[in-house]
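Undergrad: First the structure, then my questions, so here it is.
Every number in this text was worked out from the coordinates using simple rules, so none of it is lab data. This one's a predicted model, so the numbers in the text were calculated from it and none came from an experiment. Cβ atoms come from the backbone with ideal geometry, glycine included; neighbour counts cover every protein chain shown.
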Amino acid sequence: MYLDFIPVTYMIPQDYNLFTEEFKRNPSSTWIMKPSSKARGIGIFLINKLSEGRSGMIGSTPTCSRDTYVISRYIDNPLLIGGKKFDLRLYILVTSFRPLKAYIYKLGFCRFCTVKYNSNVTELDNMFVHLTNVSIQKHGAHYNSIHGGKWTTENFRLWLEGTKGKAVSDKLFDEIHWIIVHSLRAVANVLINDRHCFECYGYDIIIDDNFKPWLIEVNASPSLSATTASDRILKYKLVNDVINIVIPNGIIPDAKGSKTVTKEQMGLFDLLYDEEKMMEDSGNGVPNQIFSIPHSSQPTIATSQTATLNTKARRDTKNTSISKKV
C-alpha cells in the first residue's frame, strides 16, 4: 500500500526554508497557498515563483505577517469533465477515535468550476478556473444558481462507469475510502477522545487525470448552508441522519458510551470502519481488515497491508471542531 495521497505540503513561515529547497528542485512546479485561519476560498492564490509567495502573503491582509499559510504542490493535471475542474466533498461521521469508528455519507457531491481549465501561467490568477469553492464560483458570469455547479457522487460514478468502466470506478472509490480511513488513523492518537462526542468532517478530494485521488483538505466545520433546493434537502437529511446515529432512538447513551445503531437508523450513512469489531473478529487484537462496504452501496477494500503513518498533526485554532456532547 502506498501513502502518497497528500500533495507535498508545508506550513509557512515555519517551513519556509524546506519549501524553498523543494521549489528549487522543481522550479517549473505550481503551488497553491491557503491562509490557515480562513475558509470558503478566501485568501487563496497560486504561485510559480518564490517571489510571488512572499508578495502574496504581504499583500493579502494587513495582519498577514502573523498569519500561517499552508502551501501545497498544485495538482495541475486534474481530471476534467466537460473541460472543467472539479473536486469531491464527502461527509464522514466519527463517533469514536479510540477505537476508531467512522461512517461515510452516500450523498456526497462534486463541485465544478465555471470556466474551462487552463494550466497556462497567465491563468493562475483566474480563480474561476482553479478554485471549486461555491463561495467563489457563485460570483462568476457562468454560475448556474439552479444546480449550483454540483453533481451528486452517484451521477459522477455513473459518468465514470459509462466512460471508463465499472472497474475504474470501483478502484477509485476503494482508494478514496482507504485515504479517509488512514487519515483518521494518523491523527487518532493526538485527538481528544470522548465517547460522548462526535465529529462530522468534510473531506475534499481531487482526482488527477490518471484517476489517482488526492486528499486536499479535511474540514472540521464543513458548511451546512444551502445554495440550492437540492443542497438544502441533502444537508437537512445529513444532519437528521447524524443525530439518529449519535442518539439512537432519541436515547442519550449511558456512561460507557454504548450505542446500538440499526441499519434503518444509519439512514444514508454506511459504516466505513469499526476498529473494535475488527479486532474482535481477528482474535489477536489487531484489525485484519480496513473496511467492507458492498460495491452496490459503496466500494470495498478487502485487506490492507501493514503500514505505518508517521505524520505531524497540527490543529488550526481557527478551524473549530463541531464536537457536540451527547
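Undergrad: For residue 281 and residue 143 in one chain, what is 0.36 nm times their gap in residues minus the Cα-Cα distance, to one decimal in nm?
TA: Working: separation 138, 0.36 × 138 = 49.68 nm, distance 5.01 nm.
Full extension from residue 281 to residue 143 adds 44.7 nm.
Undergrad: Right, next: How far apart, in nm, are two points set 7 Å out from the Cα along the Cα-to-Cβ line at residue 118 and at residue 249?
TA: 6.1
Undergrad: Follow-up question, since we're still on this one. Using a 7 Å offset from the Cα along the Cα-to-Cβ direction at both residue 152 and residue 189, what is the distance between the two label points in nm, to one decimal?
TA: Here the answer is 4.1 nm between the modelled labels.
Undergrad: Which whole-angstrom value gives the distance between the alpha carbon centres of region 92-164 and region 187-217?
TA: Using only Cα atoms to place each centre, the spacing works out to 16 Å.
Undergrad: Tally Lys and Arg at +1 and Asp and Glu at -1 over the other residues with C-beta under 15 Å from the C-beta of residue 234: what net charge comes out? Intermediate values should be presented prior to the final figure.
TA: On the way: positive: 89, 106, 111, 150, 232, 235, 237; negative: 154, 231, 241.
Result for the local shell: +4.
Undergrad: Step through the table entries 84/164; 164/277; 38/263; 171/235; 38/150; 106/166, compare each Cα-Cα distance with 29 Å, and write down the pairs that go over it. Kindly include the intermediate steps, with their values, before the conclusion.
TA: Working: 84/164 18 Å; 164/277 35 Å; 38/263 37 Å; 171/235 27 Å; 38/150 23 Å; 106/166 18 Å.
Those over the limit are 164/277; 38/263.
Undergrad: In whole Å, what are the extents of region 184-240 along the principal axes defined by its C-alpha atoms, from largest to smallest?
TA: So the three principal-axis extents are 39, 38, 13 Å.
Undergrad: How much length would be gained if the chain were fully extended between residue 126 and residue 268, taking 0.36 nm per residue of separation minus their Cα-Cα distance, in nm to one decimal? Mind dumping the intermediate values first?
TA: Numbers: separation 142, 0.36 × 142 = 51.12 nm, distance 3.66 nm.
Computed gain between residue 126 and residue 268 is 47.5 nm.
Undergrad: Then there's this: Add +1 for every Lys or Arg and -1 for every Asp or Glu among the other residues with Cβ under 13 Å from the Cβ of residue 75, and state the total. Intermediate values should be presented prior to the final figure.
TA: Details: positive: 73, 85, 212; negative: 4, 76, 87, 204, 208, 209, 217.
That sum, taken over residues with Cβ under 13 Å, equals -4.
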